[in-house]
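Comments concern the structure below.
Taken together, the values in this text are just the output of simple stated rules run on the coordinates, not laboratory data. Owing to the predicted nature of the structure, the values given are computational and were not obtained by experimental measurement. Ideal geometry is used to build each Cβ from the backbone, glycine not excepted, and the neighbour counts take in all protein chains shown.
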């Protein structure tokens, strides 16, 4: 028997093994010895649970892909510590899983939410095994378990049709339920801690609608947010804490928000009155009774709605300076429609009412900052605007006296005839129009003539200095008056104005200047920098008082002057000297031609020499010998008399129209406005251009004549400007001088 025992696996036959089998067996052994034992990818307790709870297998796959993928069953079902795999029940009863073990903060927030109060727990929104974010589950708005739509179907359906359900570019809805209401800390809308409580809602909306929108937050915002925060609604909410004031949801809705171009949007134009009327019910009722509301109900969308006058987000208190319906700006707000020519032609409205109001006293006062001046709403009303033909309208003829009386306590029926929207044109108001045309031409001709006379006078002085034409005239011939220096001292002065005259002149100057600086800005109210003049005068109201003070001074001066002329013979003799005579005209013409010097040069030509010999006065080679007053002085005095009369008369009618319009035509007021303004402008320009030059600025007197201060002129001034008077003085003094013995007739 062999020493080595042989195992016979093949019935005594020697087995034959295929080499490939041996190789495969070698590889299998190597893998078994080198690799760790295979394990299940699921935690052992989950495999055990699934042996019985097959219904959780599908949910488990969801759970593994979600945030609880690494949590085992026993991590939530903590009471399952041991297992009985035989027949019977578990070793211990199954208890409800406690989410608070891991989610304490969320559980605390839920405990204070409206959901906890309603008896809802985590599982109501979160699938127990297929746990995921309920926001994602409900993003489409489908009423699936785990979504807000499961309980709030109506709100979810409205949300799906709102811009919040749209994709802003990141693949997600623009705003979901949790963005506005919170996640676990959802509170009732009436809870002061709720994110949608009125005091908190603007902050909630502004978390997306930023004041400075960016590409990451493209939601509309910007200036609209700032406008709301500073509006009467925003200030009422933020500062006063008024939860009844309008918030974002009050106008835009909550879940049913729609784009403004959607006709059904609460902010669509045809819905605006109803939207605003939800809070302002009384105003909505009066609006619908007025011309605007009635036309709106008839479908005319061109008529203004609430936001046209009060704006959208920047709604301001009318008492605030920048409010679109404040006393300062309401006319501009109304003028957006009532100065539109297209709208005027379409609906038969006068598109000139805004500009004509702006040219009235009320409009001018308003432009210069007087907030108490009447504006559109002062006369026509606010929301219940009615046509003038309606007996209830404040601008109905029967009601005008009462309407004007709200501001003007002394208003009468005659006062109510003062035109407010009067247009000075040839067709509708011809009398004031013709007066305006005449005065315009008069101002142009006279001011142009004054400028021309100044230029001619300067040219004459230049001509004499350059020795062109006739030399300067010397009316006092030294051969006839060798004793001139004995009769008149070189430094002697002569009385030109008495004390009374200087005092009247001073009052006239002060009154005139006060009237000019307070009146011209009103006449030229369209010039932008005139507002600065009014502000420098202390405002429009103080300007009015100063203007009337100047008018009183002018009236008193005129009455005083007339009284002096009536009571003093010397004054009447002086007035007689101011009457214009034919010689004054010829002297003035001669002086102008002498300054030009052309006729004298022309008549020196041979062919005209005979003409010059026959008519020597045509040479104009001498200045006229003017007496105490020439044409210039007489015209200036006449202009003062005429100007005072016109200004006092027209000013009185403008000041107290109720005294005059009861027995004069209605256009009297407009004529007075035109005449008063143009006459003041003419007087101002005449004094600045001609009087100031003739008295103070011409060579030989510059920079100022002192006659209005001391009432006297020098010998040189009298000798040159009033030679006839100077010669009379010389003759009188020579006649009254004592004769010397050599001149005695007895010798």
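Each peptide among 293-301, 477-485, 394-402 gets the average number of other Cβ atoms lying within 10 Å of its residues, and from highest to lowest they stand as 394-402, 293-301, 477-485. By its C-alpha gyration tensor, with a ≥ b ≥ c as the square roots of the eigenvalues, how is the range 321-423 shaped: rounded for a/c under 1.5, else prolate for a/b larger than b/c, else oblate? Taking the square roots of the gyration eigenvalues as a ≥ b ≥ c, the range 321-423 is oblate. Per-residue packing, averaged as other Cβ atoms within 10 Å, sorts the ranges 343-355, 712-724 into the order 712-724, 343-355, beginning with the highest. Of the two radii for the range 169-242, the radius of gyration is 1.01 times the Kirkwood radius, both from the alpha carbons; that is the Rg over Rh value. Set the Förster radius R0 to 45 Å, insert the Cβ-Cβ distance between residue 731 and residue 503 as r into 1/(1 + (r/R0)^6), and round the FRET efficiency to 0.05. So the FRET efficiency works out to roughly 0.90. Taking the Cα atoms of the range 397-553, the ratio Rg/Rh between the radius of gyration and the Kirkwood radius comes to 1.18. For the range 650-747, pairs of C-alpha atoms spaced more than 23 angstrom apart make up 61 percent of the total. With the convex hull drawn around the C-alpha atoms of the range 229-281, the volume per residue stands at 86 Å³.
Could you tell me which of rounded, prolate or oblate describes the range 434-733, using a ≥ b ≥ c as the square roots of the eigenvalues of the alpha-carbon gyration tensor, with rounded for a/c under 1.5 and, failing that, prolate when a/b is larger than b/c and oblate otherwise? Cα axes put the range 434-733 in the prolate bin.
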